[in-house]
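Asker: Sharing a structure below in structure tokens format, with a few things to ask.
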Amino acid sequence: MKHVLITGCSSGLGEAAVLRLAKAGYRVTGTVRRQTDADRLAAAAGPDASWILMEVTDDRSVRDGLGGLIERRGAPDVLVNNVGVPCLGSMEELRIPDFRAALETNVIGALRVYQAVAPAMRRRGSGQIVNLSSSIGKAALPIYGGYCATKFALEAMSEAMRYELAPFGVAVNILEPGIIATAFRNKKQAQRNDRIPANSPYGNRLDNPAPPDLMQRISTPEEVAAALQQLIETPQGEFRRVCGRDAEAFLEARRKLDDGAFERHLTGKGYAAIL
Ligand SMILES: NC(=O)c1ccc[n+]([C@@H]2O[C@H](COP(=O)([O-])OP(=O)(O)OC[C@H]3O[C@@H](n4cnc5c(N)ncnc54)[C@H](OP(=O)(O)O)[C@@H]3O)[C@@H](O)[C@H]2O)c1
């Protein structure tokens, strides 16, 4: 069975993916930042899963963690670059250090992990890399500009990675979920409380209730983990996989409408206020 390495498994999609793939018989290595998370997940995932403590913003942590793994077990068959953090704030009010931290995690961190793993896959002549983007890695929303910028960057890097690695037999794919019901949403709420000033002219954008039809379409982490498994099982299939009914509707509108029509569509849907 394939050996799958997944970053950021303490919660949400990473956790669901480790549990699903281990249950399906894959050998899985998950990265977490705390030993307590490794202990908790080890009990749930069973003997086919192993754990590495890794901080993606730290060169040494990635080098030691993944270098050691590749030395012991060879390159994984699949790398899932899943770590990601939100970055809330209007472009006017977004604090530069907050934006820099999100870029360091979502963009540089993903590249750092890629650079630790891709050479061994390339030398072996096989492998797959799945980068976790988002439906808003293709079309931005107000107040989410910082986060969207990190995912747009990841999309660009993924395209270059794909073209560069294809001649060596290594596939690169992108997973684009819509909203997933995970701890990520609480992290966004914490940033909303911490970062958006009480008198912000943009605050109302975040406090309007989400359209009810949209909230009925969001995904569970288990549903996204199932889409990830399908992507792993068809590495030579589609480059990008959209996941979630909300994401499908959002990206279909983006594809079909010109800029002006898309802007009117978003405003009409209340998308500016939802996530
Ligand atoms: N939730 C959504 O609505 C949504 C939608 C589309 C795409 N996505 C993307 O899907 C991916 C997974 O998101 P999720 O919803 O599952 O989020 P989550 O539950 O917040 O999980 C994020 C994971 O990343 C880890 N992490 C954060 N910063 C890290 C760092 N510097 N070094 C190492 N690990 C770090 C977290 O570990 P700690 O517990 O140690 O912080 C956690 O394990 C992300 O790339 C996200 O951008 C999410």
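The numbers here are math on the coordinates, done by the rules we state, and not lab data. These figures come from a predicted structure and were not determined experimentally. A quick note on method: Cβ atoms are made from the backbone with ideal geometry, for glycine too, and the neighbour counts reach across all protein chains shown.
Asker: Hey, got the dipole for the chain? About the Cα centre, +1 on K and R Cβ, -1 on D and E Cβ, debye to the nearest 20?
Answerer: Roughly 320 debye for the chain.
Asker: Still on this model: Using the alpha-carbon atoms, what tilt in degrees (0 to 90, nearest 10) does helix 59-73 show relative to the longest principal axis of the chain?
Answerer: 40 degrees
Asker: Over region 90-175, what portion of Cα pair distances is larger than 23 Å, expressed as a whole percent?
Answerer: Tail of P(r) above 23 Å: 28 percent of Cα pairs.
Asker: Work through the residues other than Gly146 whose Cβ is under 15 Å from its Cβ and net out their charges, Lys, Arg +1 and Asp, Glu -1.
Answerer: +3
Asker: How far is helix 259-269 tilted, in degrees, relative to the longest principal axis of the Cα atoms in the chain, given as a value from 0 to 90 rounded to the nearest 10?
Answerer: 80 degrees
Asker: Hey, another quick one. Is region 1-77 best put as rounded, prolate or oblate by its Cα gyration tensor, with a ≥ b ≥ c the root eigenvalues, rounded for a/c under 1.5, and otherwise prolate when a/b is larger than b/c, oblate when not?
Answerer: Oblate, since a/c reaches 1.5 and b/c is not below a/b.
Asker: Right, next: When you have a sec, figure out the Kirkwood radius of region 106-235 from all distinct Cα pair distances and drop it here in Å to one decimal?
Answerer: For region 106-235, inverting the mean 1/r across all distinct Cα pairs yields 16.7 Å.
Asker: Setting aside same-chain residues fewer than 8 positions from Lys138, which lysines have a Cα under 19 Å from its Cα?
Answerer: Straight-distance partners of Lys138: Lys151, Lys256, Lys269.
Asker: Could you tell me the convex hull volume per residue, in Å³, taken over the Cα atoms of region 1-149?
Answerer: Output value, Cα hull per residue: 114 Å³.
Asker: On to the next question. Using modelled backbone amide H atoms (1.01 Å from N, in-plane), which distant-in-sequence or interchain residues come within less than 5 Å of Gln128's amide H?
Answerer: Val78, Leu79, Ala171
Asker: Springs between alpha-carbon atoms under 10 Å, Gaussian network over the chain: tell me which of Pro177, Pro221, Pro97 tops the mean-square fluctuations.
Answerer: Fluctuation is largest for Pro97.
Asker: With unit charges on the beta carbon (Lys/Arg positive, Asp/Glu negative), name the residue among Cys243, Ser126, Ile174 whose Cα is farthest towards the positive pole of the charge dipole of the chain.
Answerer: Result: Ser126.
Asker: Compute the angle between helix 245-256 and the longest alpha-carbon principal axis of the chain, please, reported from 0 to 90 degrees and rounded to the nearest 10.
Answerer: 70 degrees
Asker: Looking at the chain, what % of the alpha carbon pairs are farther apart than 35 Å?
Answerer: 16 percent
Asker: Provide the gained length on full extension for the span Arg73 to Met1, in nm with one decimal, where the gain is 0.36 nm per separating residue minus the Cα-Cα distance.
Answerer: 24.6 nm
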